[in-house]
Each structure stands twice: as C-alpha cells, then as structure tokens.
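J.: First the structure, which I've put down as structure tokens, then a few questions once you've had a look.
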Ligand SMILES: NC(=O)c1ccc[n+]([C@@H]2O[C@H](COP(=O)([O-])OP(=O)(O)OC[C@H]3O[C@@H](n4cnc5c(N)ncnc54)[C@H](OP(=O)(O)O)[C@@H]3O)[C@@H](O)[C@H]2O)c1
C-alpha cells in the first residue's frame, strides 16, 4: 500500500516520504480500515510517540496521522460492534502507525460509525479537535450554563470547536488569539475577543474556566484570571500554572466512541462546524505539510479521491 513515512526527527516535514509499505492486518478486537481522509496535526513530528513505542524503542519508519475516516475492510478475531463495509471515523493510537496510508489497523473501540450524510473529509476533520474540545470543555472543564470561559486560540482548529461547544453549554465565551483571528473567532461564536498582542488578558475580569491551547506565559497569566473554585484546562503540555483556590488539568485527548457520535450528530444538525483549511490529494500531501505560507485551519489529506 501507499503510505507516508518518517524516519528522522531532525529532518522535520522535509523528511516525509510517500512510499510503499506492507498492508496491515487486524489482531483481536481490531479492524482494518481503508482510509478515505486523514488528518495530521502540525506539530506531530515533535511528539515522542511518533518516534518510539511504549517501551521507548525506536519504531521508525513510522506512519504519521492520527485522525481518519474510511471504510472497514477486515475484522480481527472477536471484534464486535463494527462490520465490513461500514463507514467509520476515529482516533488512532499515538504509538502505532497512523492514517497517512491507504490502510490502517486500529482498535475497534477507537472508532465510531460515520453517518452516510457526513462527508469523509468532514468526518476526519472532526476527530481530534472535536474530542479534545469536548473533553476539555465538558469532561475536564465541567463548564455549566451561565458560567464564563476564556478559549485561547479561538480561531484555531481546537479552539474553534471549544468555542462552539461552550456556546452550546450556555456559557459566556471570550476568545483570544492574534488580531488576524478576530473575525473567524466571532464567526465560530465568541461573545468577545482579545487580541493577545495588543489587548490585555487581565482586563476581562474573572472567569470560571480557561481552556488553553497556547501554554507558556499565557497559561501562567491565565491562572490569575480564574475565580475561586474555577479551572485551568490545558492541552499545551505540562505547566505549573495553577489558579489560587482552583485546579489545573493538563490532558491528552482520548478516543471515545460516544463522543464521536455526539459530534457527528451536531455536524448533521448544524450545531457544529469544522475548521478545515486545506484539502490535499495523497500525492500532494508531503508538499501540503511544508507550505511556504502559514495556513490556518485543519489540513486534510484525501487518501482516496
Ligand atoms: N493535548 C492534546 O490532547 C492535544 C490535542 C490536540 C491539539 N493539541 C495541541 O494544541 C495546540 C493547538 O492545536 P491547533 O490544531 O488548535 O492549532 P492552531 O489551529 O494553530 O490553533 C492555534 C491558534 O492560536 C493562535 N496562536 C498561536 N500562537 C499564538 C500566540 N502566541 N498569540 C496569540 N495567538 C496565537 C493561532 O493563530 P495563527 O494561526 O495565526 O498562528 C491559532 O489561531 C497544538 O500545540 C497541538 O499540538 C493537544
């Protein structure tokens, strides 16, 4: 099968190569999916799991991409809940070969049925940002109607999902980001927007929750604008930022079939929009990951046209 591989972290996206790899097979509780669309997160090549397995052993050449939609083509022994020919979407294991390939082996529990009227491109663009925002805003953030939330990077891929879910909860949503993201953040539903280069985070007063995708100094400053009993939820890596009389949750998104089903329902009835930037053909994927201009929105690779 055709797949994109990486072998050398120092090369970055320049080291991505479209090549031939053996077709995968399904073990117990797994399925093989013929991938139709694949998502790639821009900093995946910095993640240790792209390069090593769970025992810290080199696993290159590895196939990146962890978001996918496609059709089930084989079932491993004992696999229930999915059938051959079924449309699915889901999140692949961080430590295994990913979705920038014609076929992927994936645990069945990491997938959900993709409704027939949700396009493969949209399905794959929903996976990581949708699950991350759901888990950040609802599971870890425990956001309630009438509360207030700051969503950093509100015009970005994950932030734009978080804004929409926070609005659905009934919260007051303050988005942040660069000046260039203001209109997009409003289109996704923020009530207010702070351009972090020119505005002051501290001017918004106290909020119940900060959902942080930026980390560093922004996470530290965010801790100071959280009400007693409130939360800082971050996806930007370990932080020692902690609100006074509040909690900090730093988490990695997990696959969740029930949440994927909820997300697809929201796309179907118009409550949720994906934030897709560029859609590229498989043969053009390597160039799509090393653009000479900064792209906004999720890049999706159509593995099958
Ligand atoms: N822990 C997890 O499970 C998890 C899951 C998914 C993603 N992530 C991580 O979350 C981060 C965000 O991912 P994403 O896909 O949402 O990225 P993204 O689409 O680039 O979103 C980030 C947004 O923040 C803005 N921004 C970046 N740096 C900024 C700064 N210094 N000041 C103001 N605005 C700034 C960006 O604007 P520009 O576009 O103009 O730069 C963009 O609008 C990544 O590091 C990703 O690896 C973690």
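The values are calculated or read from the model by the stated rules, or taken from the named source; none is laboratory data. Remember, it's a predicted structure, so these values are computed and weren't measured experimentally. Neighbour counts are summed over all protein chains in view; Cβ atoms, including those assigned to glycine, are modelled from backbone coordinates with ideal geometry.
J.: Looking at 203, 212, 269, 245, can you tell me which residue is exposed (fewer than 13 other Cβ atoms within 10 Å of the Cβ) and within 18 Å of residue 164 (Cβ to Cβ)? Even if it seems obvious, please write down each step before you answer.
T.: Values: 203 fails: within 18 Å of residue 164 (Cβ to Cβ); 212 fails: exposed (fewer than 13 other Cβ atoms within 10 Å of the Cβ); 245 fails: within 18 Å of residue 164 (Cβ to Cβ).
One residue alone meets the criteria, 269.
J.: Check residue 64 against each of (1) more than 16 Å from the ligand (Cβ to nearest atom); (2) part of a loop (DSSP other than H, G, I, E, B) and name the one condition it does not meet.
T.: Only one criterion in (1) more than 16 Å from the ligand (Cβ to nearest atom); (2) part of a loop (DSSP other than H, G, I, E, B) is unmet by residue 64, namely (1).
J.: For the stretch 116-133, indicate whether the set of residues that are in a strand (DSSP E or B) and within 28 Å of residue 286 (Cβ to Cβ) is non-empty.
T.: Step one: list which residues in the stretch 116-133 are in a strand (DSSP E or B), which gives none.
No, the conditions are met nowhere in the stretch 116-133.
J.: Please indicate, with yes or no, whether at least one residue in the stretch 9-20 is assigned by TED's automatic domain parsing to the domain that holds residue 288, within 24 Å of residue 261 (Cα to Cα), in contact (Cβ under 8 Å) with a residue 24 or more places away in the chain and part of a loop (DSSP other than H, G, I, E, B).
T.: no
J.: Okay, moving on. Run down 190, 173, 163, 169 and say which single residue is more than 18 Å from residue 38 (Cα to Cα), without any contact (Cβ under 8 Å) to a residue 40 or more places away in the chain and surrounded by fewer than 23 Cβ atoms within 10 Å (Cβ to Cβ).
T.: After applying the criteria, what remains is 169.
J.: For the stretch 204-219, give me each residue that is more than 10 Å from the ligand (Cβ to nearest atom) and either more than 13 Å from residue 175 (Cα to Cα) or part of a loop (DSSP other than H, G, I, E, B) (or both).
T.: 205, 206, 208, 219 - these are the residues of the stretch 204-219 that are more than 10 Å from the ligand (Cβ to nearest atom) and either more than 13 Å from residue 175 (Cα to Cα) or part of a loop (DSSP other than H, G, I, E, B) (or both).
J.: Can you name the number of the only condition in (1) within 16 Å of the ligand (Cβ to nearest atom); (2) exposed (fewer than 15 other Cβ atoms within 10 Å of the Cβ) that residue 8 fails?
T.: Failed condition: (1).
J.: Same structure, new question: Show the residue pairs meeting these rules: Cβ distance below 8 Å; 6+ apart or different chains; first residue within the stretch 121-140 and closer than 15 Å to residue 279 by Cβ; second residue near the ligand (Cβ under 8 Å from one of its atoms).
T.: Filtered contacts from the stretch 121-140: 125/275; 125/298.
J.: Do we find that residue 184 is crowded, with 16+ Cβ neighbours inside 10 Å, within 11 Å of the ligand (Cβ to nearest atom), part of a loop (DSSP other than H, G, I, E, B) and touching a residue at least 12 places away in the same chain (Cβ under 8 Å) in this structure?
T.: No; evaluated as a whole, the condition is false for this residue.
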